[in-house]
Amino acid sequence: MTVPDTSLPPGDGRIHASAQLHPTAIVSAGATIGPDCRIGPFSMIGVHAVLEAGVTIGSNVAVEGHTWIGEGVQVSHGASIGLAPQDLKYKNEPTRTVVGARTIVREHATIHRGSVGGHGLTTVGADCLIMVNAHIGHDCTLDHHVILANNVMLGGHVQIADTVFVGGGAALHQFVRIGRQSVIGGMSGVEADVIPFGAVLGNRARLTGLNLIGLRRRGFSRAEIHQLRAVYRLLFRSHGVFQDRLAQAEADHGDHPAVAEILSFIRSDSKRGLCRARRVAPLEEDDAEAQA
């Protein structure tokens, strides 16, 4: 996972001459508003907020706390960024929120700032899409090109790597890690870590295979996908002790970068354990293999 950048400088407390502020917007003295920013009706920008160039804030938006919003970000009606975490231990400490460049935050989405019980920072990377009514809890870390569909709920401290898609209505338990380029099915309840390139689904989510569509879209060859399928079968469909299968996967396929990424993810420290595969019928598994 990307280490959050906590070294961003404070703003200069100025409103650039090219910024367009609606007459009903409330921008606190001390907020930094960059060139070509636009702030819509009835929106409120807090004293410690920093908006880089070209940020668009719609109507009735609240930006509070020590919040840094990157260049070209678009925030739609009714969204809130940087509000206090839903944590009873929080006592208004100066924790932070960062939203990366060109990210889109749609209507009524909520992004809460970090807590003192975490690392004090909630991060959303560049080029993400946070759809209507999605919630990002305190101390979450989203890398780049992440998509959260409508009504997704992230508990505190969730970590999501690059190019992950989370389907509508999915709920992710606090401290869960989601590996790169995986896909979470809509309405899934994710209680454990999801391997890179994995696909999970279910009321209590289980691995259903690999994110084959995502792998193809990212340019993985047929041979590479078959190799990843072989590793997946070895790790999650074979019998025997899991640690022995892990060692076998490294011995047989560990020189492949994507396989090495999966193995490293599995061996990393985890507070929630690993999401395991659901049982499938042989015919269903054969069909999935044919689609690869």
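Couple of notes before you dig in:
- Across Ala260, Ala192, Ala277, mean-square fluctuation computed from a Gaussian network of the chain (C-alpha pairs under 10 Å connected) peaks at Ala260.
- Beta bridges by DSSP in the chain, antiparallel share as percent, to the nearest 5: 5 percent
- Separation in nanometres of the label points that stand 7 Å from Cα toward Cβ, at Met187 and Ser270: 2.6 nm
- Extension gain for Asp255-Asn92 works out to 53.9 nm (0.36 nm per residue, less the C-alpha to C-alpha distance).
- Estimated Rh, the stretch 29-96: Kirkwood, alpha-carbon pairs, angstrom: 12.2 Å
- Values of log10 I(q)/I(0), in the order q = 0.10, 0.11, 0.16 Å⁻¹, for the chain under a Debye, Cα-only, solvent-free model: -0.57, -0.66, -1.15
- Of the peptides 270-276, 111-117, the order by per-residue mean of other Cβ atoms within 10 Å, starting with the highest, comes out as 111-117, 270-276.
- Residue order by solvent-accessible surface for Arg216, Arg237 is Arg216, Arg237, largest first, with ligands and nucleic acids left out and a 1.4 Å probe.
- Dipole orientation for the chain: of the candidates Ile130, Ala19, Ile57, Ile130 has the Cα lying most toward the positive pole (charges on Cβ; Lys, Arg +1; Asp, Glu -1).
- Derived scalar couplings between HN and Hα for the stretch 83-89 equal 6, 4, x, 7, 9, 5, 7 Hz in order, rounded to whole Hz, by the Karplus curve 6.51 cos²θ - 1.76 cosθ + 1.60 (θ = phi - 60°), x for Gly and Pro.
- Taking Cα atoms only, the orientation of helix 242-253 departs from the longest principal axis of the chain by about 90 degrees.
- ³J(HN,Hα), Karplus 6.51/-1.76/1.60, whole Hz, each residue of the stretch 184-200, x for Gly, Pro: 10, x, x, 6, 7, x, 9, 10, 9, 5, 10, 5, x, 6, x, 10, 10
- Size of electric dipole in the chain: Cβ of Lys, Arg +1 and of Asp, Glu -1, about Cα centre, debye, nearest 20: 500 debye
- Taken along the Cα-to-beta-carbon direction at a fixed 7 Å, the label points for Asn203 and Arg279 span 1.7 nm.
- With DNA, RNA and ligands ignored, accessible area of His77 (1.4 Å probe; Å², nearest 10): 80 Å²
- Summed residue charge, Cβ within 14 Å of Arg180's Cβ, Lys/Arg positive, Asp/Glu negative: -1
- For Ile104, net neighbour charge (Lys/Arg +1, Asp/Glu -1) across residues whose Cβ lies under 14 Å away: -1
- Across all Cα pairs in the stretch 128-282, the calculated P(r) in 10 Å bins from zero up to the longest distance comes to 11, 44, 34, 11, 0 percent per bin.
- For the stretch 181-228 and the stretch 74-123, distance of Cα centres in Å: 28 Å
- Positive-pole candidate from Leu246, Ser221, Ala205, dipole of the chain, charges at beta carbon: Ala205
The values are calculated or read from the model by the stated rules, or taken from the named source; none is laboratory data. These numbers were taken from a predicted model, which means no experiment stands behind them. Counting neighbours? That spans all protein chains shown, and the Cβs are built from the backbone with ideal geometry, glycine included. For accessibility, only protein heavy atoms count, side chains too; no ligands or nucleic acids. Shrake-Rupley method; radii C 1.70, N 1.55, O 1.52, S 1.80 Å.
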